[in-house]
1. Tally up the residues in segment D:281-300 that are within 11 Å of chain C (Cβ to nearest Cβ), part of a loop (DSSP other than H, G, I, E, B) and touching a Gly at 6+ places or on another chain (Cβ under 8 Å), please.
2. List the number of the failed condition for C:D204; all other conditions in (1) surrounded by 19 or more Cβ atoms within 10 Å (Cβ to Cβ); (2) under 18 Å from the mean Cα position of the chain (by Cα) hold.
3. Checking the condition within 14 Å of chain D (Cβ to nearest Cβ) and within 26 Å of the chain's Cα centre (by Cα), which residue from B:R126, B:R89 passes?
4. Anything in segment B:124-147 that is of a type in the set (A, V, I, L, M, F, W, C), in a strand (DSSP E or B) and surrounded by fewer than 21 Cβ atoms within 10 Å (Cβ to Cβ)? List them, or say none.
5. Do you know which of the residues in segment D:1-17 that are among the small types (G, A, S) and over 27 Å from D:G140 (Cβ atoms) is farthest from the other protein chains (Cβ to nearest Cβ)?
6. Would you please list the contacts, defined by Cβ atoms under 6 Å and residues six or more apart or on different chains, that run from a residue in segment C:33-57 that is farther than 30 Å from A:K160 by Cα and free of Cβ contacts under 8 Å to residues at least 40 places away in the same chain to a residue that is among the aliphatic types (A, V, I, L, M) and crowded, with 19+ Cβ neighbours inside 10 Å?
7. Given the conditions (1) within 11 Å of chain B (Cβ to nearest Cβ); (2) in contact with a Ser or Thr (Cβ under 7 Å, 6 or more places away or on another chain), and given that A:T40 satisfies all but one, which numbered condition is not satisfied?
Number of protein chains: 4
Amino acid sequence: MNLSGPIVLSDNRYGKAENRIVRIYRDGPRHEIRDVNVSTVLRGDFADAYTAGDQSKVLPTDSQKQTAYAYAKKPGLQPVEDYALALARHFVDDVEPVTSAGVEVDEYAWQRVSVDGAEHDHTWTRQGPEVRTARVTVAGKGDAQRAWVIGGVRDLVILKSTGSEFAGFLTDEFTVLEPTPDRMLATSLVARWRFAVTEGVDWDATYAGIRARLAAVFATYHSKALQQTLFEMGKAVLESFPLLAEIRLSAPNKHHFDYDLGRFGIENRGEVYYAADRPYGLIQATVARADAPDAGQAWEQ
Amino acid sequence: MNLSGPIVLSDNRYGKAENRIVRIYRDGPRHEIRDVNVSTVLRGDFADAYTAGDQSKVLPTDSQKQTAYAYAKKPGLQPVEDYALALARHFVDDVEPVTSAGVEVDEYAWQRVSVDGAEHDHTWTRQGPEVRTARVTVAGKGDAQRAWVIGGVRDLVILKSTGSEFAGFLTDEFTVLEPTPDRMLATSLVARWRFAVTEGVDWDATYAGIRARLAAVFATYHSKALQQTLFEMGKAVLESFPLLAEIRLSAPNKHHFDYDLGRFGIENRGEVYYAADRPYGLIQATVARADAPDAGQAWEQ
Amino acid sequence: MNLSGPIVLSDNRYGKAENRIVRIYRDGPRHEIRDVNVSTVLRGDFADAYTAGDQSKVLPTDSQKQTAYAYAKKPGLQPVEDYALALARHFVDDVEPVTSAGVEVDEYAWQRVSVDGAEHDHTWTRQGPEVRTARVTVAGKGDAQRAWVIGGVRDLVILKSTGSEFAGFLTDEFTVLEPTPDRMLATSLVARWRFAVTEGVDWDATYAGIRARLAAVFATYHSKALQQTLFEMGKAVLESFPLLAEIRLSAPNKHHFDYDLGRFGIENRGEVYYAADRPYGLIQATVARADAPDAGQAWEQ
Amino acid sequence: MNLSGPIVLSDNRYGKAENRIVRIYRDGPRHEIRDVNVSTVLRGDFADAYTAGDQSKVLPTDSQKQTAYAYAKKPGLQPVEDYALALARHFVDDVEPVTSAGVEVDEYAWQRVSVDGAEHDHTWTRQGPEVRTARVTVAGKGDAQRAWVIGGVRDLVILKSTGSEFAGFLTDEFTVLEPTPDRMLATSLVARWRFAVTEGVDWDATYAGIRARLAAVFATYHSKALQQTLFEMGKAVLESFPLLAEIRLSAPNKHHFDYDLGRFGIENRGEVYYAADRPYGLIQATVARADAPDAGQAWEQ
């Protein structure tokens, strides 16, 4: 089949990615820190830049960068979701050709250094590997404007040494895996939750609450498979936070294999594991409220 | 707004990611090598595994891995697109609960070592950083079955030291960028092209041809913006390869800034650059044939 | 100058790198976890393997791997320094051609998940980015045997938002940097400390104490330069831990530049920073006790 | 053993790491490119900066950066070894407190884009993963000045699908590895060679020659172990390039395991391999001329 129809620009967007911004709040001796990586992306009336090289409607990505830094001063980065909403609204409201704007924020956590048992006023160490994420989309001008907020966490590495089994699965000619009644279960979770609202949310508290809920369910729910654990984690979060429309979970099954020490006459009852790099199972699930509002452009960036 | 509707599993999929497979063809003294990273993903009737912990319809990811390796022997990996099609069809056709299967392949290039001017029979060095990619989706059983192939390249780092400008852009209160009539242009291209067909394609030759076309247009087209260059690259590829339905291009603008040597009394006429890491512009475009067949599930993995 | 003397093997060593071992202690309902990356390296009578292809004195790296896993069961990984000493001694004592053995361990930290305010018995999340390190060398047979232990931490990312200046420096024709009375100071510290002893040390408590001391001095000492801060950190650690012979500190100066918001009429008094990736200053210092025992082969791996 | 002696600064050095410099030569329509990552390190009379916070003898790392960029214009980066020598000499000769200077350069390769069979004048694609390296040290003032040049390559990934065995090795209680008469051999080579001279060398041609020699010997020499292959590679290089004093080789044994397809009734005669990530053997060797001049501070950075 050879195609011969006209060739068209069917989609486009552009922005400035990975602006590394650190914001210090220094209103008194006790400073506060917000450390983020901000990416902006604009959609709109930009086709001429692609098809004719005409930049007259293109706000440079450098200008987007300057704006991202300026907005870090005011309204500031406490919390990052409000910052992202303000920045996205600015692009849509104040830059004529822009029809929608997306802002993605990764936020890195810092912990105050402890000195003689007291938290230090202006020194911190980085915490990780987990990273808080936020993705905001604002589309439309004036009364037609809509906005979406997606919160999230990535690289939340979590492991349980028991309370997990895997058995009763489908087998085929290539199945050699043995069922196991007790295995280690570990993942590096990526979770993103879509809010049903964009205002009146205590973003920081909600993030902390969701993160804690995810970890607690992973810990306490006896797992018949990572699939089941993911669903239960998502369900528990939606139950606890009725302002959420849906949650998407992506979880690599970070395999830990019992190391065969028996050939050396050494008993290994779930004590010594080989932590494998690749390949890994990758399990994904979306859990949603049936009455959730439409996702619109929330996930489109 | 608090939601109170039922909580449901609205989407799910699972598979085995990053199976690192090397295939040697050794039918004579001159060996051939194919070096790939294969990920499989299955969709189907798996809800019970999530909501009830019932694995009876779940083919273990370990079995998927075994199959990926077995298929590397036969039909083999020459070329990777046919391998991916065969593997995906196997999952849909032979594993009852599976309704669609996706297979992603990254292929790493190797170059024969030269010894006294002759290519060596069984020794190679790795070529990069660019990586050939393929993504195949097969959905539906029997006569209703459909298939899609997406080819691609990523990490194709390309740079031109002249023949690029950026001027006449929109300005706002945060615009400090100066227009420039001559700048360095560099990117690390990710391109993915959807085929209108899945059979009768010389996959290897088509990949080489598209890769060469992308590079040639980047080199020879005078650029008024990376946006324009991307569109021209996509258009040229579609023109040259009428079996393509669309091409998606994502290009970080890897900024190279003229280094300010003037303060040291040293002239710098586009000779010494600082290659920045972050932030970077990120320009994205989709170029399509107006008469392209529907994308269906091609991009859904 | 053309050389014409005989060509000799002047140095050699070999081992198995990056054995990823996870050890669970499950003597009761409350499990303990140790998560490590172990590398072994052997020196000895191996020249024939290089110069003649004779493997008769070469213990395969696979055997080293098996041993590393076996020793994770017993004596186990609590603490890692004793494990490394036992493993290194085994290679020297029990494998005839080995004259010295080195064992390097990276240990990853995990934090118990909190469920309803209580620590969970068998679920943890990974802590980072900092990594605890240990390097052990054992050389010589029988009475001539010597051993060295080097503890350490790497990727300890620490930042202070005030209490740091940089002024009064040497200037030359290429100096454009302005002195500053108050700047942000941040680094990703690598520190390694050599113990004067190998026995009778509470390794875990000593690690925690040194790590805390490093952070506290970084926080509280007013810095005239990163050089000075490093020296004071090293000095404080040696003063607090008289069982240490020396400490080596390597610290990238992770530059945070005040972002120029003044051109937009926005005041920026140390509030908004650009966190740069590259280049970075790299400051290194060794602080030692004048009466420290000889380092011998401690650093030679 | 508790130490009580005075605490001293026993070693120190500092510099600017990872200056990313791209140099375009544009004397005619056909441009040339040199793309490097430059790190500088200074040793000298800097103790007061550490112990007293006195910066009066400290040339800022920012000034070192400016100088690295200025020298990229003139003398320029063709070749990088001469650039590094000039830059290091400048620091020692022109900055009074400096007693020795080191300059490390990573050079990234680019290949001209081919357009209609002809090389393009000003567009290139990056080649890799291998990286050319250079390390220069200059120590001492005036007549006492000495200099060293170390060339090298890293991340040279090379693989042979036959012509390699491993048998006749030492066994112990933890040995389960079977001898093999024919295996795949692959590594990601790091090689560094010390020149006996610093002048009169065609650096670019020598690099190309050594790189080719390393690959050719790896390809053609039947390997009884990676140890033997490394020694033969080093020996061949020294024989071919009598201006070299020594060569240091570090080679991870990138294991490729025959995949067990027999359990599925599929024969696998060295055709399908699992390419493992970790752990890996790590083999290291230094091959030297017996009459090589003293290494002095060449390796000390």
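The values are calculated or read from the model by the stated rules, or taken from the named source; none is laboratory data. Just so you know, these numbers come straight off a predicted model, no measurement behind them. Glycine gets a Cβ as well: all are built from the backbone with ideal geometry, and neighbour counts include every protein chain shown.
1. Going through segment D:281-300 one residue at a time, the tally reaches 3.
2. Result: C:D204 fails condition (1) only.
3. B:R126
4. Of everything in segment B:124-147, just one residue is of a type in the set (A, V, I, L, M, F, W, C), in a strand (DSSP E or B) and surrounded by fewer than 21 Cβ atoms within 10 Å (Cβ to Cβ), namely B:V131.
5. D:S4
6. Once the first residue is farther than 30 Å from A:K160 by Cα and free of Cβ contacts under 8 Å to residues at least 40 places away in the same chain and sits in segment C:33-57, its partners that are among the aliphatic types (A, V, I, L, M) and crowded, with 19+ Cβ neighbours inside 10 Å give C:A47/C:L9; C:A49/C:V58; C:A49/D:A225; C:Q55/C:A49; C:Q55/D:A225.
7. That leaves (2) as the condition not met.
Results for (1) within 24 Å of the chain's Cα centre (by Cα); (2) surrounded by fewer than 19 Cβ atoms within 10 Å (Cβ to Cβ), shown as yes or no for each residue.
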| site | (1), (2) |
| --- | --- |
| D:E18 | yes, yes |
| D:R23 | yes, no |
| D:D27 | no, yes |
| D:R43 | yes, no |
